[in-house]
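The values are calculated or read from the model by the stated rules, or taken from the named source; none is laboratory data. Everything quoted here is computed from the prediction, not taken from an experiment. Positions of Cβ are backbone-derived with ideal geometry, glycine not excepted, and every protein chain shown enters the neighbour counts.
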Amino acid sequence: MRRIVVVGAGPAGMAAAAAAARHGVDVVLIDAGAKLGGQYHRQDALAPGDAFVLPGNVEHVADATVWAIEPVDGGHRVHLRIGPADGPRRHGRAVEARALVLATGAYDRALPFPGWDLPGVFTAGAAQALAKGQGVAVGDRVVVGGTGPFLLPVTASLIGAGARVVEVAEANAAVTGWLSDPPGALAGWSKTGELMRFAAALARHRVPYRSRSAVIEAHGIDVVESVTVARLDGLWNPVPGTERRIEADAVAVGFGFTPQLELALAARCRVEDGFVVVDAAQGTSAPGVFAAGELTGIGGAALAASEGEVAGAAAAKFVGAAVEPPLKAMARVRSGRKFAAALNAAYPVLPGWQGWLRDDTIVCRCEEVTKAALYRAVDERDVEAVRSLKLVSGAGLGLCQGRVCGRNVAELAGVDAAGFAKRPIASPIRLAELAEEEPVESPIDAEESGRALGVEY
Amino acid sequence: MSRIETADVVVIGAGIIGAACAEALSASGMRVLVVDRGAPAGGTTAGGEGNVLLSDKAPGPELDLAVASRRLWPELIESLRAELGDEIARVEWEPKGGLVVATENDARGPLAILAEAQRRAGVQATAVDAATAREMEPHLTEHVAAAVHYPEDAQLQPVLAATAMLAAVRSRGGDVRGWSEAHGLVVVNGKVAGVRVGEGTIACGAVVNACGPWAGHFGAAAGAPVEVLPRRGMVLVTAPLPHVVSRKVYAADYVAAVASSDVDLQVSAVVESTATGTVLIGSSRQRVGFDEALQVEVLRRLARSAVKLFPVLAGVPVMRAYGGFRPYTPDHLPVIGEDPRFRGLWHASGHEGAGIGLAPATGRLLADLMYGRAPVVDPTRFRVDRPAVIAEVRT
């Protein structure tokens, strides 16, 4: 039997599942959401039907969490729990496959600043998810801050949900300016049209959009009441004297994205500079493991879908289907990556943010570690790696397991952030669930797996 | 800080044992350089639970070392506090005591025999009945056949403890250097004259191999191999909980698992809470080389054994799992002493899962031997040239 497992049903995972299914391969498509589309499409979970339809040989396993990936002879065993995460009645499954496509996506990054732990401060992604998924605005007067083109659709979603966005503070140069004149041969790339439409929506609603500015503090007793926005110099240090106080009851901040690497690391894929390394067929360093979408580099939904198509075809070929190289999708991946690389280079996170923090600013919310406590732990104990940093400071040891604070804490401490993503248990699982025996579906036939070869075009 | 390129002693390995050796040697007046190929306190030390146990050791040389070490830990922490201040001496030391629980009737006899032998060796070990055990630990299973309370068992946070000792080494004029791999010795007339580290050479009169499970690697590179092998272990960590367990509570079959030499997976429950409210669940033992790949079966058996001991944990979420490699020797005794092949090469490794507890006495013993002082415990059984450690080696 030819079967692959795809983890993640966003644009990359859906495209991978569809491509593999087209080549006659059975697909188990696992996703945490109730419906297809992932964070990007964010379908209303309560509305009837699904906007997407996949071929009949794709089994969509919804509301499912992959909590572990285990290498076995000839492939991988994927362990999942199915059902609402907080519910008592999740059930377990374990599926084996010779080929896996990981399309686990990314979550947006929040930088700490004084007051960021007040109720009313959201990540841009959370604000957008509430607006798009449930039509709920996070506040009446919202300030959006951060960097990169993602701030535009977030702002548009907030407006759509009825919020008044009183300011957008972009810490780098204006996205609209960059998009209207991108460097070199990148002009005309498809993403620009979509983003320019968002920019036009902002203009129509007269949303003040300020470049080289950031929310450097949120004020309030129990909830956010106002924020301080300051202009930034070339390294993101606030320019003295430019601080402005703006009344707002909510803040949405997004400073780029962090890929969800734990399953890729569990499958022993090589990671460089924070992303999974892939070849032209989206193959990782681990045989039979393919990766697509934000896991391999931040590039948006269109690029993710192209990568998914390539990865799905390659995974199908890996398990023995007759597959011609998907040349068109591969060409789209190449041009999309060029554009993404230029965009990412234009919207970096610069070190001046560390100066926004005061000694008593919390840097790890779960364990309530302040900047001063973190520095003291690092200085006095000469910590040089994530594992010991966590254990001497407590940062990253709490419920989020470093997902929110990991990169920030690593940058503050001057250690490599990669260690924060090493989470052998990829999502929490109750002891009783862990203790349960799960039947293993479609165990890999070792003899058959001996024939598996790498995919090269 | 400027780098020193000569030292009295170079300690290879900045885990709890290397740190304890360096602390003891620098306290005796030596200028010590500690090097580690990774981050200090980032290997086995960061993968442990922080056990300072007498309860799991049968009378013999290891128990003697453990008894000495248990006495030394609070003294050492106090002296670090006096020397370096409160903050750095904070190591989450908790003399919480241990409770060993037999859940099956056939485990009662062996537990009673062990406890009696330990008492004769000077360990406090009090047999308690099921009712008392459940009074001490109200969430304990109802199926208690017998239990023994060990008030001297303790716990600390190993990374805090190791980094505190390394801070002392630095403040006494020594240095600690991470990401520096030792490749071999410089030997002149059969005596250590230096050690090759990274691209350079550090001149020194003595080298201590404190590489834990990698001691065999450095020993081989130094031309003095020792039989120290990795034995894998995993620990589960729950979300922070309101108070569930007060002591270090473990199943009576733990002692047998520790003492076994089995290559195959052995799992026995060790359950305890930490200062932050999380509950740590061990322990597994497996000889799989340095393979770090996740094995769900190990986690599953850990979960089962913990729920058997504390049924209330069934609904509790596990937040993370971490693993490490214990330095295992075929006769389950650490290797502490001078190498017979090269004068000036010393070993301090092979403590398996007990390195945190055994660290201060190991450091003290090494310093005693190096200085020719009366040793803190009898070093005979820890000798490097005993058959289990050196016999298989072709020189």
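Miscellaneous remarks
- Within segment B:296-331, the set of residues being among the polar types (S, T, N, Q) and either touching a Phe, Trp or Tyr at 6+ places or on another chain (Cβ under 7 Å) or free of Cβ contacts under 8 Å to residues at least 60 places away in the same chain (or both) comprises just one member, B:Ser305.
- Condition met for A:Ala68 (within 22 Å of A:Ala32 (Cβ to Cβ) and either among the basic types (Lys, Arg) or assigned to a helix (DSSP H, G or I) (or both)): no
- The residue that is nearest to A:Val333 (Cα to Cα), among those in segment A:41-53 that are surrounded by fewer than 18 Cβ atoms within 10 Å (Cβ to Cβ) and in contact (Cβ under 8 Å) with a residue 24 or more places away in the chain, is A:Phe52.
- Identity of the residue in segment B:234-253, within 27 Å of B:Ile336 (Cβ to Cβ) and crowded, with 24+ Cβ neighbours inside 10 Å, that ends up modelled with the lowest pLDDT: B:Tyr250
- Pick from segment A:360-391, criterion more than 11 Å from chain B (Cβ to nearest Cβ) and of a type in the set (Ser, Thr, Tyr), ranking: farthest from A:Val415 (Cα to Cα): A:Thr361
- Against the criterion of being crowded, with 20+ Cβ neighbours inside 10 Å, without any contact (Cβ under 8 Å) to a residue 12 or more places away in the chain and over 20 Å from A:Ala266 (Cα atoms), A:Ser388 qualifies.
- Restricting attention to segment A:412-444, the residues that are farther than 21 Å from A:Tyr375 by Cβ and at the interface with chain B (Cβ under 9 Å from one of its Cβ atoms) add up to 15.
- The residue that is modelled with the lowest pLDDT, among those in segment A:262-289 that are surrounded by fewer than 17 Cβ atoms within 10 Å (Cβ to Cβ) and acidic (Asp, Glu), is A:Asp273.
- Any hit, segment A:436-457, residues being surrounded by fewer than 22 Cβ atoms within 10 Å (Cβ to Cβ), touching a Gly at 6+ places or on another chain (Cβ under 8 Å), touching a residue at least 40 places away in the same chain (Cβ under 8 Å) and under 30 Å from B:Lys308 (Cβ atoms): yes
- Every residue from segment A:123-147 that is in a strand (DSSP E or B) and of a type outside the set (Val, Ile, Thr): A:Arg141, A:Gly145, A:Gly146
- Residue that is nearest to A:His79 (Cα to Cα), among those in segment A:205-263 that are of a type in the set (D, E, K, R), touching a residue at least 60 places away in the same chain (Cβ under 8 Å) and part of a strand (DSSP E or B): A:Glu217
- Among the residues of segment B:80-117, those identified as within 30 Å of B:Glu23 (Cβ to Cβ), among the small types (Gly, Ala, Ser) and surrounded by fewer than 15 Cβ atoms within 10 Å (Cβ to Cβ) are B:Ala82, B:Gly85.
- Search result, residues across segment B:190-218 that are in contact with a strand residue (DSSP E or B) (Cβ under 6 Å, 6 or more places away or on another chain) and in a helix (DSSP H, G or I): B:Gly212, B:Pro213, B:Ala215, B:Phe218
- When A:Ala68, A:Ala97, A:Ala106 are checked against the criterion of being within 14 Å of chain B (Cβ to nearest Cβ) and among the small types (Gly, Ala, Ser), a single residue qualifies: A:Ala68.
- For the condition in contact with a Ser or Thr (Cβ under 8 Å, 6 or more places away or on another chain) and without any contact (Cβ under 8 Å) to a residue 60 or more places away in the chain, B:Pro151 qualifies.
- Test result for A:Ala342, on the phi < 0 side of the Ramachandran plot and in contact with a Lys or Arg (Cβ under 7 Å, 6 or more places away or on another chain): no
- Selection within segment B:303-353: residues that are among the small types (Gly, Ala, Ser) and surrounded by 23 or more Cβ atoms within 10 Å (Cβ to Cβ). The member of this set that is farthest from B:Tyr250 (Cα to Cα) is B:Ala348.
- All positions within segment A:311-335 that are surrounded by fewer than 23 Cβ atoms within 10 Å (Cβ to Cβ) and part of a helix (DSSP H, G or I): A:Leu327, A:Lys328, A:Ala329, A:Met330, A:Ala331, A:Arg332, A:Arg334, A:Ser335
- Subset of segment B:19-63 (residues that are in a loop (DSSP other than H, G, I, E, B), within 11 Å of chain A (Cβ to nearest Cβ) and at negative phi): B:Asp36, B:Gly38, B:Ala39, B:Pro40, B:Gly42, B:Gly43, B:Gly48
- Residues (within 14 Å of B:Leu265 (Cα to Cα) and either more than 9 Å from chain A (Cβ to nearest Cβ) or out of contact with any helix residue (DSSP H, G or I) (no Cβ under 7 Å at 6 or more places or on another chain) (or both)) located in segment B:294-318: B:Gln295, B:Val296, B:Glu297, B:Val298, B:Arg301, B:Leu302, B:Ser305
- With respect to the conditions (1) within 14 Å of another protein chain (Cβ to nearest Cβ); (2) surrounded by 17 or more Cβ atoms within 10 Å (Cβ to Cβ), B:Trp179 falls short on a single one, namely (2).
- Summed over segment B:109-164, residues that are more than 14 Å from chain A (Cβ to nearest Cβ) and assigned to a helix (DSSP H, G or I) total 19.
- All positions within segment B:238-275 that are more than 14 Å from chain A (Cβ to nearest Cβ), among the polar types (S, T, N, Q) and in contact (Cβ under 8 Å) with a residue 40 or more places away in the chain: B:Ser246, B:Ser261
- Check on A:Arg90, crowded, with 16+ Cβ neighbours inside 10 Å, modelled with pLDDT under 95 and under 23 Å from the mean Cα position of the chain (by Cα): no
- Test: A:Gly162 is within 21 Å of B:Pro317 (Cβ to Cβ), assigned to a loop (DSSP other than H, G, I, E, B) and more than 20 Å from the chain's Cα centre (by Cα): no
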